[in-house]
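Taking it in order: structure first as structure tokens, then the write-up.
Only the coordinates and a few stated rules stand behind these numbers; no lab work does. Just so it is clear, the model here is predicted, and its values are computed rather than measured. With ideal geometry, Cβ positions are generated from the backbone for all residues, glycine too; neighbour counts draw on all protein chains shown.
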Amino acid sequence: MRRQQQILELAREKGIIRAEDVEAVGISRNYLYRMHKEGLLEKSAVGLYTLPEAPVTECSSLAEVAKRLPHAVVCLISALSYHEVTTQIPHEIWLTIPRGSWRPDVKYPPLNLTYVSGPAYSFGIQEHVINGVAVKIYSPAKTVADCFKFRNKVGLDVALEALREAWRSRKVTMDELVEAAGVDRVSKIMRPYLEATV
């Protein structure tokens, strides 16, 4: 009973728990399966457990993916959607992972992966807590610059809409956009659009 209580407290604190989380506090992973059978925990995805009353939002899948892939950063369409600077609806989770990483074996939710390295990976990462889980998401300015960098993947129209919406909603400054464009090496491509925006 005491162990179950500890697991429930852990689930309340972390939002989503895995076998590794309970083993880290000296409890067997078998408790998770038992508690799931008894209805005390809900299985949100393979190996991921939440409290039955945990809120399910459109961002819940971002929390699940962050729990399974701690080095992944939410990017492009998914980041635009999170920051509310697009009319696009992501039908998959767009993630950036460090170049050279193994391709994650995640069946669901569907992932759209981008591999980058150096400052293009590490610049502009913000942490947002979703359902108790710290989720890495690129800042609005970095996301806009990424859309220009990966315009062949997302479309120039999406990049232009992101720039317009981020600027209109004051989620970015010109300095932030210029710095992000420099990091992503898209300054020349973005300059005419930035000048037209001001």
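Details
- Rounded to 5, the percent of DSSP beta bridges in segment 60-197 classed as antiparallel: 55
- Folded to 0 to 90 degrees: helix 174-183 orientation relative to the chain principal axis, Cα: 80
- Helical mean residue ellipticity (222 nm; -39500 (n - 2.57) per DSSP H run of 4+; nearest 500) of the chain: -13500 deg cm²/dmol
- Residues with amide H under 5 Å from that of residue 111, placed H, sequence gap 5 or more: 93
- If R0 equals 22 Å, the separation of the Cβ atoms of residue 134 and residue 12 corresponds to a calculated FRET efficiency of about 0.90.
- The angle between the Cα long axis of helix 2-14 and the longest principal axis of the Cα atoms of the chain comes to about 10 degrees, rounded to the nearest 10.
- The chain, relative contact order in percent, only Cα pairs under 8 angstrom and at least six apart counted: 18
- For segment 89-142, averaging the sequence separation of C-alpha pairs within contact (under 8 Å, six or more residues apart) and dividing by the residue count gives a relative contact order of 29 percent.
- Shown in residue order for segment 144-150 are the 3J(HN,Hα) couplings computed by the Karplus curve 6.51 cos²θ - 1.76 cosθ + 1.60 at θ = phi - 60°: 4, 4, 4, 5, 6, 4, 10 Hz (x for Gly and Pro).
- For segment 166-171, putting each phi into the Karplus relation 6.51 cos²θ - 1.76 cosθ + 1.60 with θ = phi - 60° gives couplings of 5, 6, 4, 8, 6, 8 Hz, in residue order, rounded to whole numbers and with x for Gly and Pro.
- Full extension of the chain between residue 117 and residue 197 gives 25.9 nm of extra length, using 0.36 nm per residue less the Cα-Cα distance.
- For segment 105-198, relative contact order (Cα pairs under 8 Å, six or more residues apart, normalised by length) works out to 26 percent.
- Translational diffusion coefficient (Stokes-Einstein; Kirkwood radius from C-alpha pairs) of the chain at 4 °C, 1.567 mPa s, in µm²/s: 72
- Cut-off under 5 Å, modelled amide H: who pairs with residue 138 long-range: 74, 126
- Sequence-distant residues sharing a close amide H with residue 41 (under 5 Å, placed H): 36
- In Hz, Karplus ³J(HN,Hα) per residue of segment 190-195 (6.51, -1.76, 1.60; θ = phi - 60°; x = Gly, Pro): 7, 3, x, 6, 5, 5
- Potential extension, residue 33-residue 3 segment - 0.36 nm per residue separation minus Cα distance: 9.5 nm
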